[in-house]
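*Asks:* One structure coming up, written as structure tokens, with questions to follow.
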Amino acid sequence: MNRKKTDQNPKPKKQQLVRGQALDLTIANLDEDGYGLAEHEGTRVRVTGAFPGEQVRARITFSGQRDTFADTFKIIRKSPERLAVPPCAKATSCDGCPLIQMKYQAQLDWKKGLVEGAVRRYPALRDTPIHPVLPSKKPLAYRTTAKLVIAGKFAEPKIGIYLRNTHEVIDLGDCQLHHPLVNRITAATREGIRKGKIPIYNPKTGNGLLRYLVVRVSEHEDRAMVVFVTSERSFNEIHHLTKFLQKAVPEVTVVAQNVNNSTGNAIMGDREYFVTKQQTLIEKLGDTRFSISPRSFFQVNNDGAQTIYNQVKQWSALSGKESVVDVYCGVGGISLFLAGSAREILGIESVSAAVADADKNARLNGIRNCQFEAGDAAELLSGISEEGFAADIIVLNPPRKGCAEEVLRSCAHLKPKRIIYVSCSPVTLARDLNILKELGYRTSEIQPVDMFPQTTHVEDVALLEREHENA
């Protein structure tokens, strides 16, 4: 009789982890989002609130085909880099600042490792000097801009952020990263909603009025702008809320209502209605002034921005004779910062509203050697190349996705002596530096900057120089 052969040592079937299950895990390292990484019977688990070298007890919050997440509820063996007492009482429940329980120097060391890991993946970049991360002057209370979700009922409103991977809003209270004025405004708004019984928007039903609270602070003026984002135009409720807020926090000098009736994730709608006569704030970085309107882009950490601008200026080594192209110039921050030391600066930006702000900021500072153009970066760079524009220095400051390869090729075609690349993503920075190497530009050095302490984000400034024999 023929019998089917059976495997004498069958491979054990991988057990599916389930939500609510508790596990003891050993953390190997942190990923770029600040999750501790652990292995459990062949499954990679991403753990909140855990640092490398720690043994923790964690509860599974989600288990899917690709990712498994867990929350730490007990630390069995602590890392020496963990603070005995974190600066925030909500450190274990709010995941907006994944590194806030880590000693600050350890944060800086980890961020340098993050940059090194991204850059060293490319053989052509392996010898590139990467400096220690420049620390923030203020590891806490540095955020001058906040965009917060309003949720719940008017009797007990929540003003805060979404927990990662959920639609649950955690009320931030006195957030340790926010400028103190932001926290005062948030507290007063919460009380104003209660007293005025202002209905809060419910995304499931589409009912309610208040959706978001946007706050911007001018440290230079010690004043603030508040934007109430609502589902519809409703003057009466916002007028009374504004009166309550300005009485509680007199530093609020600009208040606007922004109407956003979309169902997507965009915070701001297309139009503002100002409740106050004043419509802008003035902020200063160094000696340069900037006009801030409700939708102007401006760095949330002024000291960090100035550190980056100073680094760009130092590496530009301007003598007053150079032509500079500032690609992805935004509202003109770097352009205006360099203007006094250059012959001429051309700023390129795809968002026309940002270009209008840049022009306004140039006039505000009496700067006449800056020109700003709106349009596709590659097309504009190609155009000025055809016109014979000689760029001595190009500054690149792209969004997180980095530069399109055609932009990098257009930059190299202009043959500047130096390219200075400002990046908010080590991964896309390294990719683009590798492409520029192939196009004849060697990365001389990289300077990481801690623009966002307590978070996993790190900014970088890279100096590239033309290799004449290859260019």
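The values are calculated or read from the model by the stated rules, or taken from the named source; none is laboratory data. Bear in mind the structure is a predicted one, so any value in this text is a computation, not a measurement. Here Cβ is always computed from backbone atoms with ideal geometry, including for glycine, and neighbour counts include all displayed protein chains.
*Asks:* Can you pull out the residues in the range 323-335 that are surrounded by 22 or more Cβ atoms within 10 Å (Cβ to Cβ) and either more than 22 Å from the chain's Cα centre (by Cα) or farther than 17 Å from Val422 by Cα (or both)?
*Replies:* Hits for the range 323-335 are Val324, Val325.
*Asks:* Then there is this: Across the range 190-208, what is the number of residues that are at pLDDT below 95, loosely packed, with under 13 Cβ neighbours inside 10 Å, out of contact with any Ser or Thr (no Cβ under 9 Å at 6 or more places or on another chain) and not β-branched (Val, Ile, Thr)?
*Replies:* So the answer is 1.
*Asks:* Continuing with this model, one more query. State whether one or more residues within the range 283-292 are of a type in the set (Asp, Glu) and closer than 26 Å to Cys329 by Cα. Explain how you work it out, then say what you get.
*Replies:* Going through the range 283-292, the residues of a type in the set (Asp, Glu) turn out to be 283, 287.
So of that shortlist, the ones also closer than 26 Å to Cys329 by Cα come out as 283, 287.
For the range 283-292, residues of a type in the set (Asp, Glu) and closer than 26 Å to Cys329 by Cα: present.
*Asks:* Output yes when any residue across the range 263-272 is in a strand (DSSP E or B), surrounded by fewer than 22 Cβ atoms within 10 Å (Cβ to Cβ) and of a type in the set (Asp, Glu), and no when none is.
*Replies:* So in the range 263-272, the residues in a strand (DSSP E or B) come out as 271-272.
If we keep only those that are surrounded by fewer than 22 Cβ atoms within 10 Å (Cβ to Cβ) too, we end up with 271-272.
Restricting the remaining residues to those that are of a type in the set (Asp, Glu) gives 272.
Scanning the range 263-272 turns up at least one residue that is in a strand (DSSP E or B), surrounded by fewer than 22 Cβ atoms within 10 Å (Cβ to Cβ) and of a type in the set (Asp, Glu).
*Asks:* Report yes if some residue within the range 171-184 is touching a residue at least 40 places away in the same chain (Cβ under 8 Å) and more than 28 Å from Gln306 (Cα to Cα); otherwise report no.
*Replies:* So far as the range 171-184 goes, yes, one or more of its residues are touching a residue at least 40 places away in the same chain (Cβ under 8 Å) and more than 28 Å from Gln306 (Cα to Cα).
*Asks:* Answer yes if at least one residue in the range 434-442 is of a type in the set (Val, Ile, Thr), at pLDDT 95 or above and surrounded by 20 or more Cβ atoms within 10 Å (Cβ to Cβ), and no otherwise.
*Replies:* no
*Asks:* May I pose another question? Is there any pair linking a residue in the range 341-359 that is at positive phi and among the charged types (D, E, K, R) to one that is assigned to a strand (DSSP E or B) and at pLDDT 95 or above, with Cβ under 6 Å and at least six apart or on different chains, and which?
*Replies:* none
*Asks:* If I filter the range 26-35 down to residues being without any contact (Cβ under 8 Å) to a residue 60 or more places away in the chain and not in a strand (DSSP E or B), which single residue comes out as nearest to the chain's Cα centre (by Cα)?
*Replies:* First, the residues of the range 26-35 that are without any contact (Cβ under 8 Å) to a residue 60 or more places away in the chain: 26-29, 31.
Checking the rest, the ones that are also not in a strand (DSSP E or B) come to 27-28, 31.
On the way: Ile27: 26, Ala28: 26, Asp31: 17 Å.
The extreme case among them is Asp31.
*Asks:* Would the range 345-352 turn up any residue that is outside the structural domain of Arg216 (by TED's automatic domain parsing) and in contact with a Lys or Arg (Cβ under 9 Å, 6 or more places away or on another chain)?
*Replies:* The answer is no, given that none of the residues of the range 345-352 is outside the structural domain of Arg216 (by TED's automatic domain parsing) and in contact with a Lys or Arg (Cβ under 9 Å, 6 or more places away or on another chain).
*Asks:* Any idea which of (1) touching a strand residue (DSSP E or B) at 6+ places or on another chain (Cβ under 7 Å); (2) at pLDDT below 95 is the one Asp359 doesn't satisfy?
*Replies:* Unmet condition: (2).
*Asks:* Do any residues in the range 138-149 that are under 17 Å from Gly173 (Cβ atoms) and modelled with pLDDT of 95 or more have Cβ atoms under 6 Å from those of residues that are part of a strand (DSSP E or B) and of a type in the set (A, V, I, L, M), where the two are at least six apart or on different chains, and which pairs are they?
*Replies:* Listed pairs, sorted by first residue: Ala146/Val215; Lys147/Val214; Leu148/Ile159; Leu148/Leu213; Val149/Val169.
*Asks:* Quick check on the range 70-79. Is at least one of its residues in contact (Cβ under 8 Å) with a residue 60 or more places away in the chain and not basic (Lys, Arg)?
*Replies:* Within the range 70-79, none of the residues are in contact (Cβ under 8 Å) with a residue 60 or more places away in the chain and not basic (Lys, Arg).
*Asks:* Within the range 150-169, take every residue that is of a type in the set (D, E, K, R) and in contact (Cβ under 8 Å) with a residue 40 or more places away in the chain and give me the one that is surrounded by the fewest Cβ atoms within 10 Å (Cβ to Cβ).
*Replies:* It comes out as Lys153.
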